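See below for the structure under consideration.
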Amino acid sequence: MLNRTKLIVMLSVSLLFAACSSQNPTIITIINPTDLNFKDALIETPIDPKLQYISLVSDGEEIPFQLVDEDGKRILIFVTDITSQQTKEIRLEESKETQTKKFTSRTYAELSMKTNHVYFDKRFRGNKFENVTNLKVPSIHTDHDALFKYEGPGWESEKVGYRFYLDWRNATDIFGKKYDKLILDQVGTNDTVAKDDSYHSMQEWGMDIFKVGSSLGIGSIGMWADDKVNMVSKTDSVVCTIPYTGPIEAKVNTKYFGWFVEKKKYDLSSSFSIAAGSRLTKCELQISKDAENVVTGLAKYKDTDLMKSNFKTGWNYLALYGNQTLVNENDKLGIVVFYRSEDLLELAEDELSYIVKLKPSNEDVTYYFAAAWEQEENGIKNIDEFKNYLDETLQTLNNPVIVEIK
């Protein structure tokens, strides 16, 4: 069973209002239209907001799940294995238990900062980071001032971790993992002075493996204006939240008010999420209606192979594989951005990045990015395996599983 790709679902129902019980369960039918076998297919569906204590059962075994409340809806999230052309039934039952079920977490997100700090000499002084779930970023905050643990929010599955710099750089970075486990809550806990941070050197779990610099890193957000990439650098204010953090999916939301680009201001909202067993980060953006484009892309390295698909409709990818890590000159990494061909304005490049220029549709843009490090446990070890991962992911994006509710 392949474990490299997260299936993206297309629901055949608008809402699951279930008056369910063990005697009268709701049946969730999942249909895999592809010829591939997948582990950890992601399923997300709205359910009756009155349902709080439920069970999911397949072949007599309980399936871990997550309930989240967003935009006035209650969303049921779970993953399941599904084979080629399989039709699978899952029972949704109202639980007899009157407490929230707890499952082993397979994803995690955090924003950890010095809450009891003293600001002196352009640094936030303090010896302890604490997690917060909602924060308006202080206006005096800048890079390397030691306010945040590893400089901003982080999110992860067992496979890989990511972070972005919650400052004027606003670029995305990669934590490579040697083992399939969650590690971010332990990363950088003692790095309180923003100097010689531990995760820049190899640890038992892995390290920060990517050099971002002034590039688009992996999947960072920008805008093309005045013949250059403009990062989300100048803003009136920024608010970052962690709406949920596992066990099946974790998410980081950020709102940028008054993003200044070439004499204009835009309001931008970003949502970065990751699911159990997946390398993919889903990026959902909303931007002011007068925005002509949003760009993302990949940092450019000379010792890499550039790969891209070219379908006229549906999803495509832009990817790099090769020597592009901070580990050593022979260490291999694959990075990729998946985008909809209907959203594409053009593919371009500058001295630092390969650029994917996208057109917002009804003020929205959605894309994905992913990283695959050769030192991962049971991971992708060479360029051929990386190409297979790209093709399989593309097939699932273009042929999502079907979900029917009875």
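The table below gives the values:
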quantity	calculated
Every pair of residues 6+ apart whose Cβ atoms lie under 6 Å, when the first sits in the stretch 321-335 and is part of a loop (DSSP other than H, G, I, E, B) while the second is modelled with pLDDT under 95 and surrounded by fewer than 23 Cβ atoms within 10 Å (Cβ to Cβ)	Gln324/Tyr301; Leu326/Lys211
Residues (among the hydroxyl-bearing types (Ser, Thr, Tyr) and either under 17 Å from Thr115 (Cα atoms) or open to solvent by 10 Å² or more (accessible area, probe 1.4 Å) (or both)) located in the stretch 135-186	Ser139, Thr142, Tyr150, Tyr165, Tyr179
Any chance Tyr162 is closer than 23 Å to Thr107 by Cβ, assigned to a helix (DSSP H, G or I) and modelled with pLDDT of 95 or more	no
Residues (more than 16 Å from Asp185 (Cα to Cα) and part of a loop (DSSP other than H, G, I, E, B)) located in the stretch 128-140	Val137, Pro138, Ser139, Ile140
Index of the failed condition, Val238 passing every other in (1) open to solvent by 30 Å² or more (accessible area, probe 1.4 Å); (2) in a strand (DSSP E or B)	(1)
Extreme residue, farthest from Lys149 (Cα to Cα), among residues of the stretch 119-130 that are open to solvent by 40 Å² or more (accessible area, probe 1.4 Å) and touching a residue at least 40 places away in the same chain (Cβ under 8 Å)	Arg123
Set Tyr354, Tyr368, Tyr317: member being touching a strand residue (DSSP E or B) at 6+ places or on another chain (Cβ under 8 Å), assigned to a strand (DSSP E or B) and over 19 Å from Asn388 (Cβ atoms)	Tyr354
The stretch 371-403: number of residues that are out of contact with any Phe, Trp or Tyr (no Cβ under 9 Å at 6 or more places or on another chain), open to solvent by less than 60 Å² (accessible area, probe 1.4 Å) and not in a loop (DSSP other than H, G, I, E, B)	4
Residue that is nearest to Ser273 (Cα to Cα), among those in the stretch 134-165 that are among the aliphatic types (A, V, I, L, M) and in contact with a strand residue (DSSP E or B) (Cβ under 6 Å, 6 or more places away or on another chain)	Val160
Residues that are aliphatic (A, V, I, L, M) and open to solvent by 40 Å² or more (accessible area, probe 1.4 Å), drawn from the stretch 57-115	Leu67
Residues within the stretch 250-294 that are open to solvent by 10 Å² or more (accessible area, probe 1.4 Å), part of a strand (DSSP E or B) and either hydrophobic (A, V, I, L, M, F, W, C) or in contact with a strand residue (DSSP E or B) (Cβ under 6 Å, 6 or more places away or on another chain) (or both), tallied	13
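The values are calculated or read from the model by the stated rules, or taken from the named source; none is laboratory data. What you are looking at is a predicted structure, and each value in this text was computed from that prediction instead of being measured. We place every Cβ from the backbone using ideal geometry, glycine too, and count neighbours over all the protein chains shown. Just the protein is used for accessible areas: all its heavy atoms, side chains included, with ligands, DNA and RNA removed. Shrake-Rupley method; radii C 1.70, N 1.55, O 1.52, S 1.80 Å.
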